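Scroll down for the structure; my scribbles are underneath it.
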Amino acid sequence: MIVKNNYDVIIIGGGAAGFFTAINTAEMCPSLKIAILERGKEVLTKVKISGGGRCNVTHAEFIPKELSKNYPRGEKELLGPFHSFMTGDTLGWFEERGVAIKMEEDGRMFPETDSSQTIIDCFTSEISRLSIDVLTSHPVKKLSKTENGWLINTGKEELNATTVVMATGSNPKIWKLLETLEHRVIPPVPSLFTFNIKDGRITDLPGVATEASIKVVGDTKKVILESEGPLLITHWGMSGPAILKLSAWGARLLEPLSYSFEIQVNWLLYETQEDTTEQLLRLKTKNAKQTLHKYAQFELPKRLWQSLLMASGISETEIWADISKKKLQNLANQLTQSIFKVEGKSTFKEEFVTAGGVDLKEVNFKTFESKIHTQLYFAGEVLNIDAITGGFNFQNAWTSGFMVAKAIEASLKIS
Ligand SMILES: Cc1cc2nc3c(=O)[nH]c(=O)nc-3n(C[C@H](O)[C@H](O)[C@H](O)COP(=O)(O)OP(=O)(O)OC[C@H]3O[C@@H](n4cnc5c(N)ncnc54)[C@H](O)[C@@H]3O)c2cc1C
């Protein structure tokens, strides 16, 4: 085995975090010799397919504390770094490089071209402008400490680097390797998934969407998870931001249940069963001669309203005046506390995100440097950080990449 090359900084992983780290490091420290090692033949493959090919680069949330709340794992740790680099900085960074970013109604932000290729082109041209080596088909197999830094083994060759940045995403082999370097890795479990539900109340309603709040209640009747927001009924069960949020925050809780659990849906968001019964009694007086099926109430989609009526034992011909209090209570129950049995999960638009990774306790979040080894940094999904959908996962890649670059720059000034 020949030692082929020496670098000041080697970044392992040619994804979003790896490229952002490399470009910022090269810009802040022009004297450094930098390389990205990528195991695959192509780089930035996830960026390419992200956001349905449009790349949801970040989210229009400009308050660090609010932004951090979108990270079920990493909320506390990212708060400080967001004060150094967050959404506005991301927009400025891309704009300075000629990439205009637009915002959609729900806050997601995309390149104005609606093409992830714009982001890839921006990165590629920066890489060549800054003379960063990108070595594809270089799968890192071993990493060992040397007197002055690190020896990196790809099976075919060895490379030396003073500083190593791990930006390998959710790769179990690299997590194993990091364990041999005394790092603790939180075992990976899926995050961001939709719920499989077979239930007569929603079978005929795919495509119906409404705002709802959802709870998962534990054995002791304590609420163990809750979320609210748009809920979408699908052919397989339920999806939409309210479900995805629940799946992300519940990633660790739901895995030991083998994704078999009950959810309680309040189709009226925060209304209580008692208040809803009162409102239904008032509607009974007001709409006495109307059939209940004719007009949806509470601004619910009509097909959902009708389905909940059927589930409460109220037929298509019944008019408000004839409805018993018991049936109205059943309806209030369906409206505010519908129980659904979840049996399994599905991937959300192939956007598989993993919860798990390098234990955050072992990382200094002022620098993203390992607390166990000096000159070893982490950026992106290799850490036990993940977010709900909406551009937050890339924001983590940009923030951590920038912070690593800053830390490398600062370490140069000291030495
Ligand atoms: C289909 C899909 C769509 C998504 N859309 C969005 C979106 O629109 N917005 C958003 O915010 N998030 C999105 N995400 C999540 C986002 O893509 C990730 O959070 C982000 O890519 C993480 O960046 P990363 O650089 O840490 O890891 P990755 O992008 O996974 O990059 C890691 C790189 O390291 C390489 N590597 C791994 N092991 C080695 C090794 N041993 N040696 C050398 N190289 C190695 C990998 O091949 C890979 O290229 C999406 C995810 C998916 C799957």
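Find the residue count for the range 61-86, including only residues that are buried (at least 18 other Cβ atoms within 10 Å of the Cβ) and either outside any helix (DSSP H, G or I) or touching a strand residue (DSSP E or B) at 6+ places or on another chain (Cβ under 6 Å) (or both).
Summing the residues that are buried (at least 18 other Cβ atoms within 10 Å of the Cβ) and either outside any helix (DSSP H, G or I) or touching a strand residue (DSSP E or B) at 6+ places or on another chain (Cβ under 6 Å) (or both) in the range 61-86 gives 8.
Which of the strands (runs of 3 or more DSSP E) contained wholly in the range 279-380 include at least 3 residues that are closer than 30 Å to residue 176 by Cα?
So the answer is 345-347, 353-358, 376-378.
Results for (1) in contact with a His (Cβ under 9 Å, 6 or more places away or on another chain); (2) within 23 Å of residue 42 (Cα to Cα); (3) basic (Lys, Arg); (4) buried (at least 19 other Cβ atoms within 10 Å of the Cβ), shown as yes or no for each residue.
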| residue | (1), (2), (3), (4) |
| --- | --- |
| 57 | no, yes, no, yes |
| 97 | no, yes, yes, no |
| 115 | no, yes, no, no |
| 126 | no, yes, no, no |
| 151 | no, no, no, no |
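Can you say whether residue 145 is within 14 Å of the ligand (Cβ to nearest atom), open to solvent by 20 Å² or more (accessible area, probe 1.4 Å) and at negative phi, as far as the supplied structure shows?
No, not satisfied.
Just for the range 381-406: of the residues that are more than 8 Å from the ligand (Cβ to nearest atom) and open to solvent by 10 Å² or more (accessible area, probe 1.4 Å), which one is farthest from residue 193 (Cα to Cα)?
Looking at residues that are more than 8 Å from the ligand (Cβ to nearest atom) and open to solvent by 10 Å² or more (accessible area, probe 1.4 Å), I get 406.
When the residues of the range 361-380 are narrowed to those that are under 18 Å from residue 36 (Cβ atoms) and open to solvent by less than 30 Å² (accessible area, probe 1.4 Å), which ends up nearest to the ligand (Cβ to nearest atom)?
380
Considering only residues that are assigned to a helix (DSSP H, G or I) and of a type in the set (Asp, Glu), which ones fall in the range 1-58?
27
Matching residues to (1) open to solvent by less than 60 Å² (accessible area, probe 1.4 Å); (2) closer than 30 Å to residue 325 by Cβ:
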| position | (1), (2) |
| --- | --- |
| 240 | yes, no |
| 248 | yes, no |
| 251 | yes, no |
| 254 | yes, no |
| 257 | no, no |
| 260 | yes, no |
| 279 | yes, yes |
| 295 | no, yes |
| 309 | yes, yes |
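Pick from 58, 90: which is under 20 Å from the mean Cα position of the chain (by Cα) and near the ligand (Cβ under 10 Å from one of its atoms)?
58
Could you please find all residues in the range 164-180 being open to solvent by 20 Å² or more (accessible area, probe 1.4 Å) and within 18 Å of residue 149 (Cα to Cα)?
Passing the criteria: only 180.
For the range 5-53, name all the residues that are of a type in the set (A, V, I, L, M, F, W, C), open to solvent by 30 Å² or more (accessible area, probe 1.4 Å) and near the ligand (Cβ under 8 Å from one of its atoms).
Hits for the range 5-53 are 43, 49.
In the range 333-360, which residues are within 11 Å of the ligand (Cβ to nearest atom) and either within 13 Å of the chain's Cα centre (by Cα) or open to solvent by 10 Å² or more (accessible area, probe 1.4 Å) (or both)?
Once the filter is applied, which keeps residues that are within 11 Å of the ligand (Cβ to nearest atom) and either within 13 Å of the chain's Cα centre (by Cα) or open to solvent by 10 Å² or more (accessible area, probe 1.4 Å) (or both), the range 333-360 yields 347, 348, 349, 350, 351, 352, 353, 354.
The values are calculated or read from the model by the stated rules, or taken from the named source; none is laboratory data. Source: prediction; values computed, not measured. Note: ideal-geometry Cβ built from the backbone for every residue, glycine included; neighbour counts use all protein chains shown. Keep in mind that these areas ignore ligands, DNA and RNA; they rest on the heavy atoms of the full protein, side chains included. Shrake-Rupley method; radii C 1.70, N 1.55, O 1.52, S 1.80 Å.
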